[in-house]
Amino acid sequence: MAEAKRIDGKMLAERLRDKVAEQVRALKDLHGLTPGLAVVLVGNDPASEIYVRNKHKMTTHAGMKSFEHKLPAETTQKELLTLIEGLNSDPDVHGILVQLPLPDHIDEQAVLAAIDPAKDVDGFHVVNAGKLATGADGLVPCTPLGCLLLIKEQLGGDLSGKRAIVIGRSNIVGKPMAAMLLRENCTVTIAHSRTQGLAEECARAEILVAAVGRAKMVKENWVKKGALVIDVGMNRLTEDADGNSKLTGDVDYDDVKKTAGAVTPVPGGVGPMTIACLLKNTVTAACGLNGIEAP
Ligand code: GUN
């Protein structure tokens, strides 16, 4: 059998960002509206700093306003909540993202709950999670949205009746991913650390999404012949004595490519789609807040 197709997430993300930039131009021309995204970073986690810098770059590149709020690690929860209140009432801000993880002294749930659900471009607010779970329109988390767009692109849009398995049950990826696939009429299994016979469960699925955070866990014999494999893993493996690290997925790519029909690589698969979907969500939020039909 031929080797699996390597899905080019970078290229698809670039296409999506171009589409978003076009929508931003149209919103400016037709409605005098420039979507704005506020990103809040507390502390100086190096990985988070890179993400936030990238978000800023891509937001301005798409023609949107970008508001960066970098706060010291000692910021109190009260100070952070006051900032969020201000962003909630700022008419130039349509999307609010508080970069996670937050320092230990801050209650993450309290912060996420303070964000106006209409501006919650991360889709983490319980109102948006509830809307997704009940099938109502709302803002949905960016990483699973990016995965869904990749899946639809590969399988031609209609996912009805497909067997899908999601490994991982986080609120950020696993649970919303499962809800989105269910909304597309897939038959969905959610697997996790307590699942028995995980390899056999996986081997029945036509769509496999791995979001567990365990490097190279998914092997060739876990994958049905011709299946689509989406790797959400972002595991940093230390490579040498100097502490250089390499980004590695949850899927053993070189092994799985022998059985799968198509696989997303890490890096260059799901990652670039996440930021592109954040921009897409910001346009959706800007339209929703201004009573304009989302493009
Ligand atoms: N940290 C890692 N991934 C994410 C994400 O998708 N959103 C936010 N806010 N923080 C993150």
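Once the gyration tensor of the Cα atoms in segment 170-285 is diagonalised, the equivalent ellipsoid follows with semi-axes of 22, 21, 13 Å, ordered largest first. Structure remark: mean-square fluctuation, Gaussian network model of the chain, C-alpha springs under 10 Å; the largest value among 217, 273, 180 belongs to 217. Inter-part distance, segment 47-68 to segment 87-148, computed on C-alpha centroids, equals 17 Å. When Rg and the Kirkwood radius Rh are both evaluated on Cα atoms of segment 103-240, their ratio Rg/Rh stands at 1.00. Couplings 3J(HN,Hα) for segment 282-295, derived from phi with the Karplus relation 6.51 cos²θ - 1.76 cosθ + 1.60 (θ = phi - 60°), are 5, 5, 4, 5, 4, 5, x, 5, 10, x, 9, 5, 5, x Hz, where x marks Gly and Pro. DSSP assigns beta bridges within the chain; of those with both partners inside it, close to 10 percent run antiparallel. Tell me which aspartates and glutamates have Cα within less than 12 Å of residue 119's Cα, excluding those fewer than 8 residues away on the same chain? Within the straight-line cut-off, residue 119 pairs with 85, 90, 92. Taking 4.7 Å between C-beta atoms as the pairing limit, the chain has these partnerless cysteines: 147, 186, 202, 287.
For residue 70, a cut-off of 16 angstrom between C-alpha atoms picks up these lysines, skipping any fewer than 8 places away in its own chain: 55, 57, 78. In this structure the amide hydrogen of residue 65, modeled in the peptide plane, comes within under 5 Å of the amide hydrogens of 36, 37, none closer than 5 places in sequence on its chain.
Result for the chain in a Gaussian network model with C-alpha springs under 10 Å: among 96, 50, 151, the largest mean-square fluctuation is at 50.
Once backbone amide H atoms are built at 1.01 Å from N, residue 205 has 224 as its partners under 5 Å, excluding neighbours fewer than 5 places away on the same chain. Put simply, the amide H of residue 98, placed in the peptide plane, has neighbours under 5 Å in 40, leaving out anything fewer than 5 places away on its chain.
Need one word for segment 117-169: rounded, prolate or oblate. Basis is the Cα gyration tensor (sqrt eigenvalues a ≥ b ≥ c); a/c below 1.5 gives rounded, then a/b vs b/c decides. Here segment 117-169 falls in the prolate category.
Each Lys and Arg Cβ is given +1 and each Asp and Glu Cβ -1; about its Cα centre, segment 151-204 then shows a dipole of about 160 debye. Here the scattering of segment 90-179 is modelled by Debye summation over its C-alpha atoms, one equal scatterer each and no solvent; at q = 0.18 Å⁻¹ the log10 of I(q)/I(0) is -0.88.
Averaging 1/r across all pairs of distinct Cα atoms in segment 39-108 and inverting the result yields a Kirkwood radius of 12.7 Å. Here is the tail figure for segment 1-132: Cα pairs spaced more than 17 Å apart come to 64 percent of all pairs. Multiplying the residue separation of residue 68 and residue 242 by 0.36 nm and subtracting their alpha-carbon distance yields 59.4 nm. For a test of the definition: using alpha carbon positions, the gyration tensor, and the 1.5 limit on a/c, classify the chain as rounded, prolate or oblate. Prolate shape, in that a/c is at least 1.5 and a/b is the bigger ratio. Where only DSSP H runs of four or more residues are counted, the chain gives -13000 deg cm²/dmol as its mean residue ellipticity at 222 nm, each run worth -39500 (n - 2.57).
About its Cα centre, segment 1-147 has a charge dipole of approximately 660 debye under the convention of +1 per Lys or Arg Cβ and -1 per Asp or Glu Cβ, with nothing else charged. Within the same chain, lysines fewer than 8 places from residue 224 are excluded, and of the rest, those with a Cα less than 22 Å from its Cα are 5, 152, 162, 216, 257, 258. Mean-square fluctuations from a GNM of the chain, with a 10 angstrom spring cutoff on Cα atoms, peak among 221, 44, 128 at 44. Here the 3J(HN,Hα) profile of segment 51-61, calculated from phi with Karplus coefficients 6.51, -1.76 and 1.60 at θ = phi - 60°, is 4, 5, 4, 4, 4, 4, 4, 5, 5, 5, 4 Hz, Gly and Pro shown as x.
Out of all DSSP beta bridges with both ends in segment 34-106, state the antiparallel percent to the nearest 5.
Working: 0 of 11 bridges.
Just about 0 percent of them are antiparallel.
Across segment 22-27, coupling constants 3J(HN,Hα) worked out from phi with the 6.51/-1.76/1.60 Karplus curve, θ = phi - 60°, read 5, 5, 5, 4, 5, 5 Hz, and Gly and Pro carry x.
Between 134, 110, 96, the Cα set farthest toward the positive side of the dipole of segment 96-142 (charges on each charged residue's Cβ, about the Cα centre) is that of 134. Rounded to the nearest 20, the size of the Cβ-charge dipole of the chain about its Cα centre is 840 debye, with Lys and Arg at +1 and Asp and Glu at -1. Spatial offset of segment 167-233 relative to segment 5-35 amounts to 29 Å, using the alpha carbon center of each.
Read-outs throughout are calculated quantities, based only on the coordinates presented, and are distinct from any laboratory measurement. Because the structure is a prediction, the values reported are computed rather than measured. Cβ coordinates were reconstructed from backbone atoms using ideal geometry, including for glycine residues, and neighbour counts include every protein chain displayed.
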